[in-house]
């Protein structure tokens, strides 16, 4: 099993290869010991999933528009915050700013899940789907972990492209 620092190096290397593309990937690979067991949480209702998806994507989009990732970091899980700084997050998402891949206008659109919501053996909630308008398509894969009664961001993968 790789150490956390080993995974961080892999993540950095992978992120460097993505510079210039419209894909932002940040899957945190954490030791299972730091995560809660799956029995600790139930899959959120459809309405709760909707709120998680829309608020997370809007917070991510706002961070990209302003270049300020502090709010996204504050709303994220402790594990996420320990793995990456706001500065590193800004660097990894730079192409959203340079390519003006801002999607605030479509976050209110209907979306479809590309995979059924699930909670894995480590208690991580996985939500994946797509938002689409005539001008843009945003696909996402979001990972959350429960902290108290609140789902906190653990990993994010967003791909935005203009149509």
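In a fully extended conformation the segment linking residue 132 and residue 55 would gain 26.1 nm over its present Cα-Cα distance, using 0.36 nm per residue.
Each peptide in 96-106, 111-121 receives the mean, over its residues, of other Cβ atoms within 10 Å, and ordering these scores from highest gives 96-106, 111-121. Extension gain for residue 85 to residue 162 (0.36 nm times residue separation, less C-alpha to C-alpha distance): 24.9 nm. Using a 7 Å offset from Cα along Cα-Cβ at residue 78, what residues in the range 121-163 end up with backbone N under 11 Å from the label point? Of the residues in the range 121-163, 147-148 have backbone N under 11 Å from the label point off residue 78. Exposure proxy shown here: for 134, 42, the number of other Cβ atoms within 10 Å sets the order, fewest to most, as 134, 42. For the range 95-163, the share of alpha carbon pairs falling in successive 5 Å distance bins from zero is 4, 16, 22, 21, 16, 12, 7, 2, 0 percent.
A straight chain from residue 109 to residue 47 at 0.36 nm per residue would run longer than the Cα-Cα distance by 20.9 nm.
We did not get these values from a lab; they are worked out from the coordinates using the rules stated. Everything numeric here is computed off the predicted structure, so don't read it as measured data. So basically every Cβ, Gly included, is an ideal-geometry build from the backbone, and we count neighbours across all protein chains shown.
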